[in-house]
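**Q** One structure, as structure tokens, below. Some questions next.
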Amino acid sequence: MHDDLSGLTAFLTVARKRSFTAAATELRVTPSAVSQTLQALEKRVGVRLFQRTTRSVGLTEAGRQFLARLEPAMKGVQEAFESLGELRDRPAGLLRLTLPRYGYQEVLGPHLAAFLAAHPDIQVDIQLDDALVDIVKQGFDAGIRIGERMEREMIAIPVSDDIPMTVVGAPSYFATRGTPKHPRDLRHHDCINYRSRTTGGLYRWDLTDGGRRIEVAVEGRVVLDDAELWVDTAVSGLGLAFVPENRVRKLLAEKRLVRVLEPYCPTLPGFFLYYPSRTHVAPKLKALIDFLKVSRQSHRDPSR
């Protein structure tokens, strides 16, 4: 029985990761151990479940059919174990989360040590990804995203305040290129563009004009697929950046960046923790939700 469960767990993990090495890391075993476990499983069932090459791992037709039947069954087993956890005083288990890097920096990272200290039986597996991940398909317990990028049929819980946005540039840039006074002036400026790794498209700047939301397709000599580099590139004088205000507050105070187009910069919805509405809320996830609610309130009212 133990060997069977190990084989099924290894199968599901490799099928999700499409990599023996990544699966071994998650399972905390060696890649050779994963390979041997799956070979034993394939020998027992009598069919090949994976197509292996030196560069990739894919499911065979038999593997795809097996996965379709096995996933809901194993999820039921997992929920059965988690339901037993409800009878314990402390939440426990592996909590898998997906969130963008900025969400980790703003919402989870500052409180992670305190959360784990308060719940020593919980482990966290965090995937940093700016894309809007299908948390059900990818096997995550929950995700954290900005409110305007929520999936449908999700329960969403606010875990941060709204996010004021701002357009900034370096003094050296404005000394040579001048200062835009209106969003339409951006067509004459170098703007640092962001390319989505998911769609390949360029992000449009969401500005406002007279209370009306406008999307501005900007152009510039620099295109990035990592939003973390926006600020550094702007400080270097290579163009204007459209970023959350709190990420550049210190640089603004130090005069290394200058804010422009203030009347046209919106406040975006803050971060939300979300999970499927049909999913039973496991104690480990409820513990995180309650903890982030308290942390948000303490941030608003430091005296608490």
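Taken together, the values in this text are just the output of simple stated rules run on the coordinates, not laboratory data. Nothing here was measured: the structure is a model prediction, and the numbers come from that model. Reconstructed Cβ throughout: ideal geometry from the backbone, glycine too, with neighbour counts over all protein chains shown.
**Q** I need two numbers for region 133-215: Rg to one decimal and Dmax as a whole number, Cα atoms only, in Å.
**A** 17.4, 51
**Q** If the viscosity is 0.692 mPa s and the temperature 37 °C, what Stokes-Einstein diffusion coefficient in µm²/s follows for region 213-304 when Rh is the Kirkwood radius over Cα pairs? Mind showing how you got there, number by number?
**A** Values: Rh = 17.0 Å.
Taking Rh from Cα pairs, D becomes 193 µm²/s.
**Q** Pairs of alpha-carbon atoms within less than 8 angstrom and 6+ residues apart define the contacts here; what relative contact order does region 137-281 have, in percent?
**A** Numbers: 265 pairs, mean separation 67.1, N = 145.
It comes to 46 percent, rounded to a whole number.
**Q** Ok, one more. Mind ranking 281-294, 199-212 by how tightly packed they are, going by the mean number of other C-beta atoms within 10 angstrom, highest first?
**A** Answer by packing, highest mean first, reads 281-294, 199-212.
**Q** Choose one of L285, V159, V260: the residue whose Cα lies farthest towards the positive end of the charge dipole of the chain (beta-carbon charges +1 Lys, Arg; -1 Asp, Glu; about the Cα centre).
**A** V260
**Q** To the nearest 20 Debye, how big is the dipole of region 2-85 about its Cα centre, given +1 on the beta carbon of each Lys and Arg and -1 on that of each Asp and Glu?
**A** It comes to approximately 400 debye.
**Q** Pairs K17/K75; K43/K284; K137/K250: which are spaced more than 28 Å apart, C-alpha to C-alpha? Provide the component values of the computation, followed by the final result.
**A** Working: K17/K75 17 Å; K43/K284 37 Å; K137/K250 40 Å.
Among K17/K75; K43/K284; K137/K250, the Cα-Cα distance tops 28 Å for K43/K284; K137/K250.
**Q** Can you check what the Kirkwood hydrodynamic radius comes to for region 53-212, Cα pairs only, in Å to one decimal?
**A** Working: mean 1/r = 0.0491 Å⁻¹.
That comes to 20.4 Å for region 53-212.
**Q** Also: Treating only the Cβ of Lys, Arg, Asp and Glu as charged (+1, +1, -1, -1), what charge dipole size does the chain show about its Cα centre? Round to the nearest 20 debye. Please list the in-between numbers first.
**A** Numbers: 43 positive and 37 negative charges, 89 e Å.
About 420 debye.
**Q** Give me the dipole magnitude in Debye, nearest 20, for region 211-304 about the Cα centre, with unit charges on the beta carbon: positive for Lys and Arg, negative for Asp and Glu. Mind dumping the intermediate values first?
**A** On the way: 16 positive and 11 negative charges, 108 e Å.
With Lys and Arg at +1 and Asp and Glu at -1, about 520 debye.
**Q** Which percent of the Cα-Cα distances in region 2-85 go past 21 Å? It would help to have the intermediate numbers written out before the result.
**A** Working: 914 of 3486 pairs.
Result: 26 percent of Cα pairs exceed 21 Å.
**Q** I've got another one for you. Could you tell me what percent of the DSSP beta bridges with both partners in region 114-230 are antiparallel, to the nearest 5?
**A** Numbers: 6 of 8 bridges.
Just about 75 percent of them are antiparallel.
**Q** Rounded to the nearest 5, what % of DSSP beta bridges with both residues in the chain are antiparallel?
**A** Details: 27 of 39 bridges.
Close to 70 percent.
**Q** Under the Kirkwood approximation for Rh and a Cα-based Rg, what ratio Rg/Rh is obtained for the chain?
**A** Numbers: Rg = 23.4 Å, Rh = 22.3 Å.
So for the chain, dividing Rg by the Kirkwood Rh gives 1.05.
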